[in-house]
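Working notes, beginning with the structure itself.
The values are calculated or read from the model by the stated rules, or taken from the named source; none is laboratory data. Because the structure is predicted, anything quoted here is derived from the model rather than measured. With ideal geometry, Cβ positions are generated from the backbone for all residues, glycine too; neighbour counts draw on all protein chains shown.
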Amino acid sequence: MNDQYILAIETSCDETAAAIIRNGTEIVSNIVASQIDSQKRFGGVVPEVASRHHVEQITIVIEEALEKANMQPSDLTAVAVTEGPGLVGALLIGINAAKAFAFAHGLPLIPVHHIAGHIYANALVEPMEFPLLALVVSGGHTELVLMKEHGSFEVIGETRDDAAGEAYDKVARVLNMPYPGGPHIDRLAQEAKEGIDFPRAWLEENSYDFSFSGLKSAVINYKHNMDQRGEEIDPQKVAKGFQDSVVEVLTTKTLRAAREFNVKQVIAAGGVSANKGLRTSLEQVFEKEQIPFIVPPLKLCTDNAAMIGAAASYMYVAGVRGDLAMNGLPGKELKSWI
Amino acid sequence: MIWLGIETSNSPLSIAIVKDGQVVEEIVQNENLTHSVTVMPKIEELFQKAKLKPVDIDAIAVSEGPGSYTGLRIGVTIAKTLAWTLKKPLVGVSSLQVLAANGQDFNGVICALFDARRQNVYTAVFHGTTIEPIIEDHHSSIEGLLEQLQELNMPVLFVGLDIDIFKEKIVAQLGDQASFAPSSLALPRGAHLIELAQKQPLPSVEAVNSFIPQYHRITEAEANWIKDQKKGQ
Ligand SMILES: [Zn+2]
């Protein structure tokens, strides 16, 4: 059997990325051009700025992925690209580059869901065991996804307001921390001895959904009250109080779902899964529960194209194909491909 | 020598294939469809009709701006990716110049413009026969443009889909000095784009990676950021 090589492209937010994946499990090359230094000054990702950077970087990043892999377009099996969700203007750059490249070399196209990509980052670490539960946490997403086999996705819970990463960024702003705020809050929380007691949003008893806007408001109100009393807030205490609330809710709901669906593997994915507080909590809980728990290395947690290539590899085998009329789908829902 | 031309700078779409100075295929359409969906299938269709393969092209021309930011990026991304991966030179042409070419042989100057909202335009003024720029591509208030044109004191032909939006103002200020190209000349053409590109020296293949659209405006976020920096000083 010939080896399968997939060139994958990802431009859904503020990273321009390309990768080549062999047989769905091995990274041959993985290139990411981050815009964070440019976006930092705006305190968040500005879509128009993101799109402009993607156009500047796109061919450079694909070229580097091919060069690092020492491969020619003729060595490739297919071209994969993130179809959505994401910033529409940003998605369009990757999609049109992928379509032009596929047309130039007569290669099949594979449209990949960004969240499926995050989950399949794990296929690059260890074989996936089903049923599997994935907690996807990032600046744009907070979702619990149940997978019964390859290509089957059931979203059993999701955020009703802010994504966890979004709440992190907003609280970081309250604490006057630079963007992106997640790593700063994580560090402060680790250093703190005690935290402020902020509320936990459990929602209805059986719900696997999340809500972080109430917690965010509680932090803002706390700061406001302290300001009015002329008292200084202790950023460590606030950070720990906030992080403890987020981590406890995420961990508890993930554990409850893992038990209910009797899963063989739990996966954490997305940028926030790089958070030490969250990783440690999940590791401890699932070690006790004796369910294998996997988090990909940091480089595969944040947005990258290797994860898109990993998902695409299984989609290719299942016969999923895109065409030259493919469009960016900013609100694309996660659907099974089998 | 075979050229592919891609023009998606605003809502119309035009693609052309020119072989040894002859137009082999050209489409010009104004269906207000999403470029992201239509451009690549149209390119494929044109290649099939012309019985050509992607590797057969020798050079690519693209409208580089100004225009709709998303439209420009779709055209430039496709042109750039094709040129880079096929190792062919990529030539950018002002989208205003491409439009002005529709009025060629006008006895005076040709003013091409696109609506930039809030009574602003992207515009440039070209020599009526050579289509060489007299006033370069820029972003301007409609009033500012009309004052510049008045000072030129030459007959002006306005071209573009958006001239209707400003017609009253133009007539009020310029009177008989102004005339308007008919709607049959309002859509930019890929064949003109290639013609204009052929007048330029061919850039190196290595230059493709750094090719970017000419927006002629910084983003609002950057403008605000610069303002804040100045305030802080
Ligand atoms: Zn992501």
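The rows are residues; the columns are (1) closer than 25 Å to B:Glu132 by Cα; (2) polar (S, T, N, Q); (3) at pLDDT below 95.
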| site | (1), (2), (3) |
| --- | --- |
| B:Ile163 | yes, no, no |
| B:Glu168 | no, no, no |
| B:Gln177 | yes, yes, no |
| B:Gln198 | yes, yes, no |
| B:Phe211 | yes, no, no |
| B:Gln214 | yes, yes, no |
| B:Glu220 | no, no, yes |
| B:Asn224 | no, yes, yes |
Looking only at region A:37-90, and only at residues there that are more than 16 Å from the ligand (Cβ to nearest atom) and on the phi > 0 side of the Ramachandran plot, the one that is farthest from the chain's Cα centre (by Cα): A:Asn70
Assess whether A:Ala50 counts as being small (Gly, Ala, Ser) and within 13 Å of A:Leu7 (Cα to Cα). no
Hey, among A:Ala257, A:Ala274, A:Ala311, A:Ala201, which residue is in contact with a Leu (Cβ under 9 Å, 6 or more places away or on another chain) and within 16 Å of the ligand (Cβ to nearest atom)? A:Ala274
Only residues in region B:40-60 that are within 8 Å of another protein chain (Cβ to nearest Cβ) count as the first member; pair them with residues that are assigned to a loop (DSSP other than H, G, I, E, B) and of a type in the set (A, V, I, L, M, F, W, C), Cβ under 9 angstrom, at least 6 apart or cross-chain, and list the lot. B:Met40/A:Leu324; B:Met40/A:Ala325; B:Met40/A:Met326; B:Pro41/A:Leu324; B:Pro41/A:Ala325; B:Ile43/A:Leu324; B:Glu44/A:Leu324
Pairs needed: first member in region A:101-124, assigned to a loop (DSSP other than H, G, I, E, B); second member anywhere, within 16 Å of the ligand (Cβ to nearest atom); C-beta distance under 6 Å; at least 6 residues apart or different chains. none
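How many residues, within region A:10-23, are away from the ligand (no atom under 14 Å from the Cβ) and not in a loop (DSSP other than H, G, I, E, B)?
Count: 5.
Would you please name the residue that is farthest from the ligand (Cβ to nearest atom), looking only at residues in region A:132-153 that are of a type in the set (S, T, N, Q) and buried (at least 23 other Cβ atoms within 10 Å of the Cβ)? Before you say what the answer is, go through the steps one by one.
Initial filter on region A:132-153 (of a type in the set (S, T, N, Q)): A:138, A:142, A:152.
This time we only want the ones that are buried (at least 23 other Cβ atoms within 10 Å of the Cβ), so: A:138, A:142.
Values: A:Ser138: 5, A:Thr142: 12 Å.
Here the answer is A:Thr142.
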So is B:Ile131 closer than 30 Å to B:Met1 by Cβ and not hydroxyl-bearing (Ser, Thr, Tyr) or not? yes
From the set of residues in region B:205-233 that are away from chain A (no Cβ under 11 Å) and touching a Pro at 6+ places or on another chain (Cβ under 7 Å), which is nearest to B:Trp84 (Cα to Cα)? B:Val205
What are the residues in region A:24-35 that are more than 14 Å from the ligand (Cβ to nearest atom) and of a type in the set (A, V, I, L, M), if any? A:Ile27, A:Val28, A:Ile31, A:Ala33
Please determine whether any residue of region A:50-57 is outside the structural domain of A:Gly140 (by TED's automatic domain parsing), in contact with a helix residue (DSSP H, G or I) (Cβ under 7 Å, 6 or more places away or on another chain) and in a strand (DSSP E or B). no
